[in-house]
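The values are calculated or read from the model by the stated rules, or taken from the named source; none is laboratory data. This structure is a prediction, so every number in the text was calculated from the model and none was measured. When we count neighbours, we look across all protein chains shown, and the Cβ atoms used for this are built from the backbone with ideal geometry, even at glycine.
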């Protein structure tokens, strides 16, 4: 009996220790970076998993940025050999600008098995919209458009229809639900550029669409006209980043953060830039194409 108790105690301790082991995935690198595992040295790549028994070799003028167990990002930017076990303290603390949502998404994408489909990024975003505010209607507006923050540029406000209707009526309301703008369109979207003579910086509005001739859609979404000062303040916060990354990775991260913050026009610019800087990155390309489809951007 004592022998069995000792065995199970040992097993429990072993499983607990294993579950607490830190794992790392390479998020970004530059120059000469290699992983040494079981005395075998191999070149590090973005997406390389590093277990607690391995070590990371960083050459002169090089860096490696790692994500630790989904939740913490840090860089090794001095030449040397780093045992993974010695990096445990780097897995604690808070990140200055990188959201946990983003790191969980990147961790999932970089560690998934080859050939697995992309996990929709919106699953990891905490601010992609709420459930419909209204009742049943033949026009459906995706919850991801629950709030749109507009600064400049152009982005469509779109909807879908459960029928083959040919004409739709778009309406814009003030905070008192007074109609400020109405337009009949044949496409299932309207560009914010059409509203610029009506909306004012610093104010918010409600909008919706319905099939022409049918009752008004009760499901109304929010459009906020954000000042450049407010946007610049937000952008400065998300751009600050202690860990090293390439220009492509920075643009992709900013695209994700801006989309999560409902700045869709600005998010589009950064997603596009990421694909231009890293044309061979299939994740960037996939997300960019998905973004365009989600928001009806042609």
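Brief remarks on what is shown
- In the set 256, 252, only one residue is out of contact with any strand residue (DSSP E or B) (no Cβ under 7 Å at 6 or more places or on another chain), buried (at least 17 other Cβ atoms within 10 Å of the Cβ), within 28 Å of residue 63 (Cα to Cα) and touching a residue at least 40 places away in the same chain (Cβ under 8 Å); that residue is 256.
- Among the residues of region 273-288, those that are in contact (Cβ under 8 Å) with a residue 12 or more places away in the chain, within 17 Å of residue 105 (Cα to Cα) and part of a helix (DSSP H, G or I) comprise 274, 283, 284, 286, 287, 288.
- Residue that is surrounded by the fewest Cβ atoms within 10 Å (Cβ to Cβ) [pool: residues in region 259-272 that are in a helix (DSSP H, G or I) and in contact (Cβ under 8 Å) with a residue 24 or more places away in the chain]: 269
- Strands (runs of 3 or more DSSP E) within region 168-219 that include 1 or more residues farther than 15 Å from residue 150 by Cβ and touching a helix residue (DSSP H, G or I) at 6+ places or on another chain (Cβ under 8 Å): 179-185
- Of all residues making up region 228-249, the number that are in contact (Cβ under 8 Å) with a residue 60 or more places away in the chain and farther than 30 Å from residue 46 by Cα: 2
- For residue 291: the one exception among (1) in a helix (DSSP H, G or I); (2) surrounded by 21 or more Cβ atoms within 10 Å (Cβ to Cβ): (2)
- If the condition is being exposed (fewer than 11 other Cβ atoms within 10 Å of the Cβ) and over 20 Å from residue 153 (Cβ atoms), then region 180-201 contributes 182, 184, 186.
- For region 144-161, the count of residues that are touching a strand residue (DSSP E or B) at 6+ places or on another chain (Cβ under 6 Å), surrounded by fewer than 18 Cβ atoms within 10 Å (Cβ to Cβ), part of a loop (DSSP other than H, G, I, E, B) and not assigned by TED's automatic domain parsing to the domain that holds residue 66 is nonzero.
- Unique match (being out of contact with any strand residue (DSSP E or B) (no Cβ under 6 Å at 6 or more places or on another chain) and at pLDDT 90 or above) among 69, 53, 81, 77: 53
Here's the yes/no breakdown for (1) within 29 Å of residue 266 (Cβ to Cβ); (2) without any contact (Cβ under 8 Å) to a residue 24 or more places away in the chain; (3) under 29 Å from the mean Cα position of the chain (by Cα):
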site	(1), (2), (3)
142	yes, no, yes
153	yes, no, yes
157	yes, no, yes
161	yes, no, yes
173	yes, no, no
180	yes, no, no
184	no, no, no
187	yes, yes, yes
190	yes, no, yes
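- Members of region 227-247 found to be crowded, with 18+ Cβ neighbours inside 10 Å and either closer than 30 Å to residue 137 by Cβ or at pLDDT below 95 (or both), listed by number: 238, 241, 243, 244, 245
- Scanning region 202-224 for residues that are surrounded by fewer than 13 Cβ atoms within 10 Å (Cβ to Cβ) and under 30 Å from the mean Cα position of the chain (by Cα) yields a total of 2.
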